[in-house]
Amino acid sequence: MKHNIITPQQVVDIAFSDGGYLSPSMIVEEDIAVATERWVKPVVGEALLEAVEAGKYEELKGEYLLPVVAFYTRLLVQPRLNAISSQAGLAVAVGASCKAAEQSLREEHMRAIRLRARAALTALAEYLNAHAEEIEEYDPKCNVLNRCSCDGGIVQIF
């Protein structure tokens with residue numbers, strides 16, 4: 001199910017604040033939906049996403065949920081921003097004053113985005129677990145991070 005808890009402009013404001021201008025039109029609703037379904041829903045659950053979408057839990061939404069969705073949306077979108085896909089294939093934009101970043105820099109950049117997203121997701125999970133009694137739609141047993149974790153390349157199953 002597609003949840004409308006963040007706009008493309010909010011994604012740009014939160015997750016793309018480290019660089020130059022990016023048009024919100026570069027972020028499409030499907031990008032947000034995929035990020036939410038892939039990384040957020042397994043932690044918070046469908047019921048809590050629906051409650052947030054309905055206007056409940058503004059603090060949770062603003063402080064914890066929006067950054068997670070924004071950073072994971074960026075993680076999905078960034079490779080598409082690094083290259084231009086057209087009928088002629090895949091190309092990189094090269095202007096008069098800049099050139100495409102080297103592969104190693106792009107990889108480092110993606111690692112940094114992934115780390116920011118993961119830190120935001122961890123903060124969200126910790127907030128949910130600390131406030132589980134106050135959030136009736138949240139079930140800690142359904143939070144995948146309470147059952148499985150990958151830290152430092154080591155997968156831990158609880």
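Counting only protein heavy atoms and using a 1.4 Å probe, what share of the accessible area of the chain belongs to carbon plus sulfur, as a whole percent? Ligands and nucleic acids excluded, carbon and sulfur reach 56 percent. Lysine pairs in the chain whose alpha-carbon atoms fall under 27 angstrom of each other, counting only those eight or more residues apart or on distinct chains, come to 9. The angle between the Cα long axis of helix 103-130 and the longest principal axis of the Cα atoms of the chain comes to about 10 degrees, rounded to the nearest 10.
The trypsin sites (Lys or Arg not before Pro) of the stretch 98-143 meeting both criteria, a DSSP state outside H, G, I, E and B (loop) and at most 11 other C-beta atoms within 10 angstrom of the site's C-beta, are Lys99. Estimated from the Cβ-Cβ distance and a Förster radius of 30 angstrom, the FRET efficiency linking Glu30 and Cys148 is about 0.65.
For Cα Rg over 2.2 N^0.38 Å, computed directly from the structure shown, the correct entry in [x] 1.14; [y] 1.68; [z] 1.25 is [x]. Between Glu53 and Ser86, take the C-beta separation as r, use R0 = 41 Å, and let me know the FRET efficiency to the nearest 0.05. It comes out at approximately 0.70.
Is the shape of the stretch 40-88 rounded, prolate or oblate, going by the alpha carbon gyration tensor and its root eigenvalues a ≥ b ≥ c, with a/c under 1.5 for rounded and a/b larger than b/c for prolate? Taking the square roots of the gyration eigenvalues as a ≥ b ≥ c, the stretch 40-88 is prolate.
Between Ser17 and Ala132, take the C-beta separation as r, use R0 = 41 Å, and let me know the FRET efficiency to the nearest 0.05.
0.85
Shape summary of the stretch 1-56, radius of gyration then Dmax from alpha carbon positions: 12.2, 37 Å. When the trypsin sites (Lys or Arg not before Pro) in the stretch 47-97 are filtered for DSSP coil states and for at most 15 other beta-carbon atoms within 10 Å of their beta-carbon, the remaining sites are Lys56.
The values are calculated or read from the model by the stated rules, or taken from the named source; none is laboratory data. In this text the structure is predicted, and so the values were computed from the model without any measurement. Reconstructed Cβ throughout: ideal geometry from the backbone, glycine too, with neighbour counts over all protein chains shown. All accessible areas refer to the heavy atoms of the entire protein, side chains included, with ligands and DNA or RNA removed. Shrake-Rupley method; radii C 1.70, N 1.55, O 1.52, S 1.80 Å.
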